[in-house]
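Participant: What follows is a single structure, and I will ask about it in a moment.
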Amino acid sequence: MSGVDAAGITLTDLTLTHGRRPAVHHISGRFAPGSLTAIVGPNGAGKSTLLRAIAGLHPAREGGLRAPRHAIALLPQAAALDRAFPISCLDVVMFGHWSRAGAFRALRPAEKRAAREALSAVGLEGFEGRPVGSLSTGQFQRVLFARLLVQDAPVILLDEPFNAVDSRTAADLLALVHRWHGEGRTILAVLHDLELVRQQFPRTLLLAREPIAWGPTAEVLTAANRLKARMMSEGWDADAEACGLPPDARSAA
Ligand SMILES: Nc1ncnc2c1ncn2[C@@H]1O[C@H](COP(=O)(O)OP(=O)(O)OP(=O)(O)O)[C@@H](O)[C@H]1O
């Protein structure tokens with residue numbers, strides 16, 4: 001892995017919108033290189049939109065976002081993925097090489113070997129030829145973690161990585177997250193299980209479209225901050241526009 005030192009992410013008064021509606025409003029701060037941060041908040045708080053923007057998949061409406069785009073691997077929410085496509089576990093893992101190899105170069109034997117080893121590392125030895133459509137939710141999540149292993153990226157973004165998996169799978173995947181953290185990678189994970197966050201994640205960003213708190217987990221996940229996040233979320237006007245939008249953006253949406 002290279003580029004760990006450059007693996008920080010800086011947000012400067014960043015606003016992200018879907019059409020004219022703000023998903024994330026005026027957030028500033030920095031994910032330091034090598035940090036392990038949980039992103040938590042109510043449904044619709046903007047967590048996935050923020051991850052996608054950091055990965056370069058969603059444009060900034062206002063403000064600044066500095067991130068090493070070439071060095072980022074994203075695990076999307078499982079619900080966002082279509083598993084009906086007839087593709088094997090090994091092929092899904094091999095996709096992890098393509099960000100470096102390019103889509104049109106034949107993969108080398110060493111890369112194929114690395115993909116097999118990654119499947120084995122997530123406990124799926126012998127699953128190489130299995131179609132992903134035949135896997136359980138937890139097995140599929142293991143395949144996606146194997147793909148992250150071959151991507152070998154300095155920055156790893158995880159969107160609800162332990163959602164709908166059993167406790168054994170969650171523990172195995174969490175061990176990988178800690179291994180990556182120990183290797184100095186920068187890791188951001190969207191999570192809903194606050195107990196898990198308290199126990200396993202040193203830093204937390206609490207988001208309710210606007211940032212409520214960001215820092216050491218114990219200082220962020222106070223009862224007062226959680227109440228504030230809930231009230232912000234419940235009080236949010238779904239039709240409100242992002243402030244500062246130019247008139248043409250308002251009328252275009
Ligand atoms: N493709 C889209 N088009 C329009 N609005 C969207 C789109 N995706 C998300 N939104 C809206 O943007 C807001 C933030 O959504 P986002 O998915 O980022 O929140 P989240 O915190 O990840 O939510 P959850 O915890 O439910 O996954 C929500 O109001 C959502 O309805």
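Participant: Residue check: is ALA79 at pLDDT 95 or above and not polar (S, T, N, Q)?
Facilitator: Spelling it out, it is not the case that ALA79 is at pLDDT 95 or above and not polar (S, T, N, Q).
Participant: When you check ILE72 against the structure, is it within 14 Å of the ligand (Cβ to nearest atom), within 13 Å of ILE156 (Cβ to Cβ) and buried (at least 16 other Cβ atoms within 10 Å of the Cβ), yes or no?
Facilitator: no
Participant: Report, by residue number, each residue of the stretch 38-55 that is hydrophobic (A, V, I, L, M, F, W, C), within 8 Å of the ligand (Cβ to nearest atom) and assigned to a loop (DSSP other than H, G, I, E, B).
Facilitator: Residue satisfying the conditions is ALA45 alone.
Participant: Filter the helices (runs of 4 or more DSSP H) completely within the stretch 189-253 down to those with at least 1 residues that are modelled with pLDDT of 95 or more. Let's see the steps before the verdict.
Facilitator: Working: elements: 194-200, 217-220, 223-234, 247-252.
The qualifying helices (runs of 4 or more DSSP H) are 194-200, 217-220, 223-234.
Participant: Right, next: Looking for something surrounded by 20 or more Cβ atoms within 10 Å (Cβ to Cβ), within 14 Å of the ligand (Cβ to nearest atom), in contact (Cβ under 8 Å) with a residue 60 or more places away in the chain and of a type outside the set (Ser, Thr, Tyr) - is there at least one such residue anywhere in the stretch 76-89? Steps first, answer last, please.
Facilitator: Taking the stretch 76-89 as the starting set, the residues that turn out to be surrounded by 20 or more Cβ atoms within 10 Å (Cβ to Cβ) are 89.
Add one more test, that the residue is within 14 Å of the ligand (Cβ to nearest atom), and what stays is none.
Looking for residues that are surrounded by 20 or more Cβ atoms within 10 Å (Cβ to Cβ), within 14 Å of the ligand (Cβ to nearest atom), in contact (Cβ under 8 Å) with a residue 60 or more places away in the chain and of a type outside the set (Ser, Thr, Tyr), one finds none in the stretch 76-89, hence no.
Participant: Would the stretch 199-210 turn up any residue that is crowded, with 19+ Cβ neighbours inside 10 Å, under 30 Å from GLU117 (Cα atoms) and among the basic types (Lys, Arg)?
Facilitator: No - not one qualifying residue is present in the stretch 199-210.
Participant: Would you mind stating whether ARG147 is part of a helix (DSSP H, G or I), touching a residue at least 12 places away in the same chain (Cβ under 8 Å), in contact with a helix residue (DSSP H, G or I) (Cβ under 9 Å, 6 or more places away or on another chain) and more than 20 Å from ALA55 (Cα to Cα)?
Facilitator: no
The values are calculated or read from the model by the stated rules, or taken from the named source; none is laboratory data. Keep in mind that what you see is a predicted model, and the values were worked out from it rather than measured. Quick reminder, even Gly has a Cβ in these numbers, built from the backbone with ideal geometry, and neighbours come from all protein chains shown.
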